[in-house]
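Any read-out appearing in this document is the output of simple, stated calculations on the displayed coordinates, not a laboratory observation. The structure displayed is predicted, hence computed values, not measured ones. Cβ placement follows ideal geometry from the backbone for every residue including glycine, while neighbour counts extend to all protein chains displayed.
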Amino acid sequence: MSLSLRELAPAVPADELQVAARQLAAYGWREVKARREAERTYIDKDLRQAVWFRDDPLQRCYLCGYRFSPDARDAFLRRKSGRLTPARLVDFTRPRGINHRHLRVELDHVIPVFEGGATDEDNLRLACGWCNLVKSSLWSLYDAKSWSAGVINHPSLGRITVPQPFWVMRIVATRARCEAPDGCPARLETDELFVAPLSKKGALTPTNLMVVCRKHDPWAGHRLVSPSLLSRR
C-alpha cells in the first residue's frame, strides 16, 4: 500500500510538501529518461569491435588522450571479465583511477541520444571512464556548477585549488594540443594531455589553465598524489 506525502509527513507545512513533491517528480522523471536512454543505446559486441578496430592502433580516450591498458582493452572487447585495479596514485587535477570505472574503455555519444544522436559507429568515440563520467550530458563550460572542486593540502605544492572536473575535461578536449610556448607537436591523437597553471601563483580557474603534454608538464614531479588526499578535502 502506497502512502501520500501528507500521510508520511503530517506535520510538515503545505508549501514545503509542494517543494518536496516537485523535487521527487523531477528525480523520478530523470530516472525514467535515463532508463529509456539505456534501452535505446544498447551497444552490442560487433559495434564495440567496429569502433575499437576503427581507431587501431592509436586507441586513446578522444577527450584526454589517455592510452588504454591491455586489461581495459580485453574487458571492453569482452575477452575477459573482472574489475580493473584502482590506481595507487592519481593526478590531483584529473583523479582518474580512484575507482575501477575510471580506467575502463567506454563508448561516448559525441551527440547525446537525447539531443538526437545516433548509436552508430559515426557518433561513437572511445573514452576513458573518468572523462565519460565527467562529461555526462553536459555541453557548455557554463553547465558546470563552479570553477573549483575544492582545496587540498598538497604534500609539495601546499594549499592548492582542485579544478572542477568538467572544466579539466572540457579544456583539454577542446584545445586538443600541447600549448607549450616553444611549440609542441603533441595532440590528443598521439599523446595524453594535462592541465597546468599559466601562473603558479593563481588559482586553478579556467582563465589560468593551459594544456600540456607529459614532456612540457611543469608539475611532472607533483601531479600524482594518494587518492586518500582527495577524499579528505
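Here are a few things to note about the model shown:
- Burial order of peptide ranges 86-94, 74-82 (average beta-carbon count within 10 Å, highest first): 86-94, 74-82
- Peptides 125-131, 157-163, 180-186, 190-196 ranked from most to least packed by the mean count of surrounding Cβ atoms within 10 Å: 125-131, 190-196, 157-163, 180-186.
- Amide H contacts of HIS154: ARG159, ILE160, each under 5 Å away and 5 or more positions distant or on a separate chain (H built 1.01 Å from N in the peptide plane; Pro and chain starts excluded).
- Three principal axis extents of the stretch 154-233 based on alpha-carbon atoms, in descending order, are 37, 23, 22 Å.
- Long-range HN-HN contacts of VAL105 with modeled amide H, under 5 Å: PHE76
- Scattering profile of the stretch 67-113 at q = 0.24, 0.27 Å⁻¹ [log10 I(q)/I(0), Debye over alpha-carbon scatterers]: -0.90, -1.00
- The base-10 log of I(q)/I(0) for the stretch 191-233, evaluated at q = 0.22 Å⁻¹, reads -0.84 [Debye formula, identical scatterers on Cα atoms, solvent excluded].
- Debye intensity ratio in log₁₀ form over the Cα atoms of the stretch 35-123, taken at each q of 0.12, 0.20, 0.21, 0.25 Å⁻¹: -0.42, -1.10, -1.17, -1.36
- The stretch 96-231, Rg to Rh (Cα coordinates; Rh as Kirkwood inverse mean 1/r): 0.97
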